[in-house]
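The next block holds one structure in the form of structure tokens; read it before the comments.
The values are calculated or read from the model by the stated rules, or taken from the named source; none is laboratory data. The model shown is predicted, which means the values in this text are computed figures rather than measured ones. Accessible surface is based on the protein model in full, side chains and every heavy atom, while ligands, DNA and RNA are left aside. Shrake-Rupley method; radii C 1.70, N 1.55, O 1.52, S 1.80 Å.
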Amino acid sequence: MRLTKHTDFALRILVYSAMETGDRLLSVQEVTDAFEVPRTHVMKIVQRLGQLGYLQTFRGKGGGFRLGMQPEDINLGEVVKVMESSITLVECEEIACPDCSACQLKDIMNQAMDAFFNVLAQYSLADALDKKNGLLIQLHAG
């Protein structure tokens, strides 16, 4: 399974936001420059994360955003689920199979997807910031 870039950058923006201490607001431009991604892409992600409560967003001059929840309250599995538009590994309905009733591939892939999300559900954003657990997301990894 591969996450969309949208979800990948959403996770990175959350990590970046969590690393900021104090009340300083981050700007879309700052994140755009840090990740070298289009400004419109960052704006959409920040807006969505704000709608979901993961970020607090402030409009106008001097506006920006910051983490909207404590890092330990942000579940990585939930973030991935809400940011991914389609979480399907096998599209059985789009492919004509000789005998779909005998095929168990879709069920097997759904079990694999459940296992993936069960592992992610065990971790919070705080865990992603914890170097001693080896889960630090490198901001400039590609």
Longest to shortest principal axis, alpha-carbon extents of segment 1-45, angstrom: 36, 20, 15
Can you pull the accessible area of residue 66 for me, 1.4 Å probe, Å² to the nearest 10? 70 Å²
For residue 124, what accessible area in Å² do you get when you roll a 1.4 Å probe over the heavy atoms of the protein chains, rounding to the nearest 10? 20 Å²
Overall dimensions of segment 1-93 by Cα: Rg and Dmax, Å: 13.9, 50
Interchain or long-range residues, amide H under 5 Å from residue 124's placed H: 76
For residue 67, enumerate residues with amide H under 5 Å from its amide H, sequence gap 5+ or separate chain, H modeled in the peptide plane. 56
